[in-house]
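The values are calculated or read from the model by the stated rules, or taken from the named source; none is laboratory data. Remember, it's a predicted structure, so these values are computed and weren't measured experimentally. Backbone-built Cβ (ideal geometry, glycine too); neighbour counts: all protein chains shown.
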Number of protein chains: 2
Amino acid sequence: MQAHLLSIGTELVIGQTVDTNAPWLAQRLAEMGIECTRQVTVGDDRQAIATAVSAAADEADVLIATGGLGPTLDDLTRFAVADVLGAELAIDEASLAALAAFFAARRRAMPEANRVQALIPRGATPLANACGTAPGIHAPHRRAAMFFLPGVPSEMRAMFENEVRPRLAGRTGGRTIVQHTLHTFGLPESVLGEQIADLMRPDRNPHVGTSAADLVISIRINAAGADAAEARRLAAEDADEIRRRLGSAVFGEQGETLAEAVGRLLLASGRTVSTAESCTGGLVAKRLTDVSGSSGYFGQGFVTYANEAKTRLLAVPAELIARHGAVSREVAEAMAVTCRRFSGTDYAISTTGIAGPTGGTAEKPVGLVYLGLATETGCAVRELRLGETLAREAIRDRTAKLALNLLRLALLGQ
Amino acid sequence: MQAHLLSIGTELVIGQTVDTNAPWLAQRLAEMGIECTRQVTVGDDRQAIATAVSAAADEADVLIATGGLGPTLDDLTRFAVADVLGAELAIDEASLAALAAFFAARRRAMPEANRVQALIPRGATPLANACGTAPGIHAPHRRAAMFFLPGVPSEMRAMFENEVRPRLAGRTGGRTIVQHTLHTFGLPESVLGEQIADLMRPDRNPHVGTSAADLVISIRINAAGADAAEARRLAAEDADEIRRRLGSAVFGEQGETLAEAVGRLLLASGRTVSTAESCTGGLVAKRLTDVSGSSGYFGQGFVTYANEAKTRLLAVPAELIARHGAVSREVAEAMAVTCRRFSGTDYAISTTGIAGPTGGTAEKPVGLVYLGLATETGCAVRELRLGETLAREAIRDRTAKLALNLLRLALLGQ
C-alpha cells in the first residue's frame, strides 16, 4: 500500500512555516506498513488543491491531506474537495452541534465565521475533532481512501489516532515493513558509509540508508517480511551488525536524542550532572530537561552569560577572566570545576564561546568554543572551532550536542 | 515567474527528518519576486526523482531540487537527472579537482566513494560547493531552469547564494511581490480573522492570510506592484492598518520572535532581566540568548529543577515548598523575587509547573504552571492550565512564550 501526503497552506509553500505534519504522518503510516512515497505542498489555492487531490486519487491507495479547514476566507480545502468529488457542500448537523458544544464548553459565543467549518461535501463522512473546531472529511475517490485533516498539529494528531488509524487498520494486508533507525555521532558520513557499504546495496532487504542532520548521522533500516516477526528479526540482525561495526559512535536508536542517551546512562550508573553555561545560555540544561524523568540526574544549572555572573555565581576569579578572556580553556575549566563542587554532582558541563554573528576577533573567531567536563578525577577541556560562517543557532546547537557527547563518552569510560 | 521545489531523500518522505531546505528556499525566492507554488518530496528512488523532475520541467519556470548528491549508494539524483536529460554522466575534471582539494585541506585522503560526486551529465553545468564535497548541477530543460543542490542545509544555502541567486537575478522581469508578515500573540485566530476579514478577501491586492503555530498567529501580507516601491507601499499600508486594529497583540514582524521583540523593548528602555526556571529547565534563558546582542539585557539565570536547588540557589524556604508544593503561586513568587534581588535586574521571570507526561495529580494536573514576573513594584503570578493532553515539549514551549509575553506586556506598560 502506498500513501501520498498533501500539505495545504500558503504559509507552507512560501516557506514561512516548516511543515511538521507530513513527517509525523509518514512515520505513523510506516509503523502501519504503509509506505509514504510522495509528499506535495500547495498554497491556499482552490485549483491547486483540487489538482493535487485528483492526482493522488489516481496514484495512491491512501491520501492524507492537512490544512485549509479553518474558519477564515483563505481556508479552501472543503471547496476543493467538493470540486473533485463533484458534490455540493451542506451543513452537517452533527458537526455544527459539536462546534457549538466546543464554544459552549469555553463559555464563549460561537463566531459566525466558524459556521463554515460544518460544511461537508454530500456523501463524504465528517471526522470528529477532539481538540479543536474543524471537523475532518473522509471520502473514497477512484483508487484512494482520502482523509482531510486540520493543519493545527495537535488537532491533526488526535484526529489521525481517533478517526484515521482505525479506518486504515485491516486494509494493510500481509506483508509488513519494520523500520529500525540507529543514530550515530562523531563519524563522517562517507567513512560511515564505507563501513556499511555492503549493507546499503539498493536491491537488498533490509534496505539500509543514511541521512545527516546537524552532526547526527542516522542509519535507517527498512526490513520487509512475510509477517511482523520476520521483519523485526531481519531489522534486528542488521542493527546488531551495524552496532558491532560502528561501536560507540552509535548513541541511540528509534529517535532517541543525545540527551535521552545521556540520561539513560546517567540513570543506569546512578550519577548526576549540573551545568554552567555561557554561550549556550541554558540550551544544555534545556536539552537535559527535555527528557521526562531528568530530575533523577539533573537538579540545577547556572546560566552565566555575563563575565560578572561567572564571578558572582561560579566564583571564577575576575583576574582569570581578565588574563585569559571569558572564552578560554582556563575559564571553561574554572566554571565546570566550581559548578560541580557547588552542585554536589558527579559531573559538570561548562560552555564558553563566541556564538556570533558578532564578537569574533582574528585571535578568537566566531565559532571558537571551550567545553569543560569536570569529573571526580579532574576536568577535561575541549576546544571547538566550529567555523566563522556557521549561524549562531547552529553554533549553539552543535556546542550543546558536542557537550552532551563528551559526557556520554565519559559515562562509557572513554 | 513560478518555481517548484523538489526535496529528495527517503529520510524526508518517510518522515524521519523534517525538511527545512524547502521553506528556506521558498523564502529566498519570494524575496526575489519568484513565487513558489508547489513543493514535492520523494524518496531515494531513481524513477520517482526522474518523474518529479520531468513534471516540474513542464510546469514551472524554475526548479530547485535538494538532496541525493552525496557519496553513498542511495544518492541517486545525478543518475535521475541524466535520465531526464537523456545525457550520459562523465567525470567533470574541475569538480574532481575541487573534491581533491577539499580533502587535502583537511589533511585526509579522499575516500574512493567520493569520486562519484564529480559525475555530471554531459552538457550540464557543475555548481561549486563552497563548504562541502558535492558539486551541484545546473541545466535548462523544457520550460524550466533546473538547479540540483546538496541536501546538507549549510552547503545548500551557500550554493544557492553563490551559484543560483546570480543566475536567477535578471530573469525576474518587472512585476515585484513584496511579502510583509506581522506576528501576533494572545488573540484567537477566528477573532483575529473577523477583525481583518475585509482585508482577507481572496481577490484583493495585497493578499492577506493568517496561519497559527504554537500560540503565535502570523498575518502574511503579499503585495504585488509594478515595481518594488509600489509593492512596498501597498504592503506597508496594510501592515499599518492591521497594527492599528490589533494593537499590542502584534508583537513583531518579518520573522521576529517573541524573544527578539522582548529584547528590542529591553534595549530601548535600558532595562534588564534574569530567569529562575524549574519546569522550563533553561528554555526561557535559551530563548533570550538566542538573540545576538542579548548580553545587553541578560546576564544570568538559574535553573532550579530540584526542590533542593530552589532552596540552595534562590533561598526559597524549604518550609514554603513543603506547605504549598514546588508547583504553587507562592514558590513562583519567591523564585522571581529572589532571582531579581540576587541578580540586580529590573525584571525576573520564574517558571514552576508540571510539564508531564508523568507527575500530575487530580489537584495539580499535567499542564499546571505558575509564571512569576518580579518588578520593582512587586510580583505578578499567572496560573496557566495548558491541558493534560499537551505534550511535554509543547507545555514547555508555551510556558516560555507566555512568560516572554508577560514581560513584553509589562515593558509596554500593560
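Side notes on the structure shown:
- Look at the stretch A:381-394: where a residue is closer than 25 Å to B:L283 by Cβ and a partner is surrounded by fewer than 16 Cβ atoms within 10 Å (Cβ to Cβ) and among the acidic types (D, E), sitting 6+ places away or on another chain with Cβ atoms under 8 Å, you get A:A394/A:D214.
Yes or no, residue by residue, for (1) outside the structural domain of B:A60 (by TED's automatic domain parsing); (2) hydrophobic (A, V, I, L, M, F, W, C):
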| site | (1), (2) |
| --- | --- |
| B:F102 | no, yes |
| B:G132 | no, no |
| B:V152 | no, yes |
| B:Q195 | yes, no |
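- Any hit, the stretch A:42-61, residues being facing chain B (nearest Cβ under 7 Å) and polar (S, T, N, Q): no
- Among residues of the stretch A:185-214, those that are of a type in the set (V, I, T) and within 18 Å of B:G15 (Cα to Cα), counted: 2
- Restricting the stretch B:194-214 to residues that are of a type in the set (G, A, S) and out of contact with any helix residue (DSSP H, G or I) (no Cβ under 6 Å at 6 or more places or on another chain) leaves a set whose member that is modelled with the lowest pLDDT is B:A213.
- Among the candidates B:A98, B:A22, residue that is touching a strand residue (DSSP E or B) at 6+ places or on another chain (Cβ under 8 Å), part of a helix (DSSP H, G or I), among the small types (G, A, S) and within 27 Å of A:L386 (Cα to Cα): B:A22
- Across the stretch B:33-41, a minimum of one residue is classified as closer than 22 Å to A:I221 by Cβ and within 9 Å of another protein chain (Cβ to nearest Cβ).
- Single residue of the stretch A:303-318 satisfying the filter (within 26 Å of B:G293 (Cβ to Cβ) and more than 7 Å from chain B (Cβ to nearest Cβ)) that is surrounded by the most Cβ atoms within 10 Å (Cβ to Cβ): A:K310
- For A:G263, the stated conditions do not hold, so it cannot be described as facing chain B (nearest Cβ under 8 Å), touching a Gly at 6+ places or on another chain (Cβ under 9 Å) and small (G, A, S).
- Which numbered condition B:Q195 misses (of (1) in contact with a strand residue (DSSP E or B) (Cβ under 9 Å, 6 or more places away or on another chain); (2) of a type outside the set (A, V, I, L, M); (3) farther than 26 Å from A:V303 by Cα): (1)
- Of all residues making up the stretch A:90-128, the number that are farther than 15 Å from A:M159 by Cβ and within 12 Å of another protein chain (Cβ to nearest Cβ): 11
- Answer from A:E393, A:E388 - the residue that is closer than 29 Å to B:A355 by Cβ, among the acidic types (D, E) and at pLDDT below 95: A:E393
- Residue check for B:F251: aromatic (F, W, Y) and touching a residue at least 60 places away in the same chain (Cβ under 8 Å): yes
- Pairs linking a residue in the stretch B:280-291 that is within 7 Å of another protein chain (Cβ to nearest Cβ) to a residue that is among the β-branched types (V, I, T) and crowded, with 24+ Cβ neighbours inside 10 Å, with Cβ atoms under 6 Å and 6 or more positions apart or on different chains, are B:G281/A:T289; B:G281/B:V303; B:G282/B:V303; B:A285/A:V303; B:A285/B:T275.
Residue-by-condition table, conditions (1) surrounded by fewer than 24 Cβ atoms within 10 Å (Cβ to Cβ); (2) over 21 Å from A:V262 (Cβ atoms):
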| residue | (1), (2) |
| --- | --- |
| A:G325 | yes, yes |
| A:A332 | no, no |
| A:A336 | no, no |
| A:T345 | yes, no |
| A:S350 | no, no |
| A:P357 | yes, yes |
| A:G367 | yes, yes |
| A:Y370 | no, no |
| A:G378 | yes, no |
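- Scanning the stretch A:292-301 for residues that are more than 7 Å from chain B (Cβ to nearest Cβ) and not polar (S, T, N, Q) returns A:G293, A:G296, A:Y297.
- For the stretch B:35-53, a residue qualifies if it is surrounded by fewer than 21 Cβ atoms within 10 Å (Cβ to Cβ) and either in contact with a Ser or Thr (Cβ under 7 Å, 6 or more places away or on another chain) or on the phi > 0 side of the Ramachandran plot (or both), and exactly one does: B:A48.
- Filter pass, A:R271 being under 30 Å from A:Q300 (Cβ atoms), of a type in the set (K, R) and in contact (Cβ under 8 Å) with a residue 40 or more places away in the chain: yes
- Total residues in the stretch A:249-285 satisfying the condition of being polar (S, T, N, Q) and over 24 Å from A:L368 (Cα atoms): the figure is 4.
- Scanning the stretch A:56-90 for residues that are among the β-branched types (V, I, T) and either part of a helix (DSSP H, G or I) or under 18 Å from A:A118 (Cα atoms) (or both) turns up A:T66, A:T72, A:T77, A:V81, A:V84.
- Across the stretch A:333-352, the number of residues qualifying as farther than 13 Å from A:V284 by Cβ and outside any loop (DSSP other than H, G, I, E, B) comes to 8.
- Yes/no for B:T72 being modelled with pLDDT under 95, under 24 Å from the mean Cα position of the chain (by Cα) and within 11 Å of chain A (Cβ to nearest Cβ): no
- Of the criteria (1) more than 10 Å from chain A (Cβ to nearest Cβ); (2) over 30 Å from B:D238 (Cα atoms); (3) of a type in the set (K, R), which one B:R157 fails: (1)
- As a summary of the residue check, A:V13 satisfies the conditions (1) surrounded by 19 or more Cβ atoms within 10 Å (Cβ to Cβ); (2) of a type in the set (A, V, I, L, M); (3) facing chain B (nearest Cβ under 7 Å); (4) farther than 19 Å from B:A52 by Cβ except for the one numbered (4).
- When residues of the stretch B:1-34 are limited to those that are of a type in the set (D, E, K, R) and in contact with a Ser or Thr (Cβ under 9 Å, 6 or more places away or on another chain), the one nearest to B:D227 (Cα to Cα): B:D19
- For B:R233, the conditions (1) within 14 Å of chain A (Cβ to nearest Cβ); (2) farther than 30 Å from B:D290 by Cα; (3) basic (K, R) all hold with the exception of (1).
- Qualifying positions in the stretch B:129-161 - more than 14 Å from B:L69 (Cβ to Cβ), among the charged types (D, E, K, R) and either surrounded by 18 or more Cβ atoms within 10 Å (Cβ to Cβ) or without any contact (Cβ under 8 Å) to a residue 60 or more places away in the chain (or both): B:R157, B:E161
- Per the listing A:I196, A:I217, the residue uniquely at the interface with another protein chain (Cβ under 10 Å from one of its Cβ atoms), closer than 30 Å to A:A400 by Cα and touching a residue at least 12 places away in the same chain (Cβ under 8 Å) is A:I196.
- So B:T399, is it crowded, with 17+ Cβ neighbours inside 10 Å, within 14 Å of another protein chain (Cβ to nearest Cβ) and either modelled with pLDDT of 95 or more or not in a strand (DSSP E or B) (or both): yes
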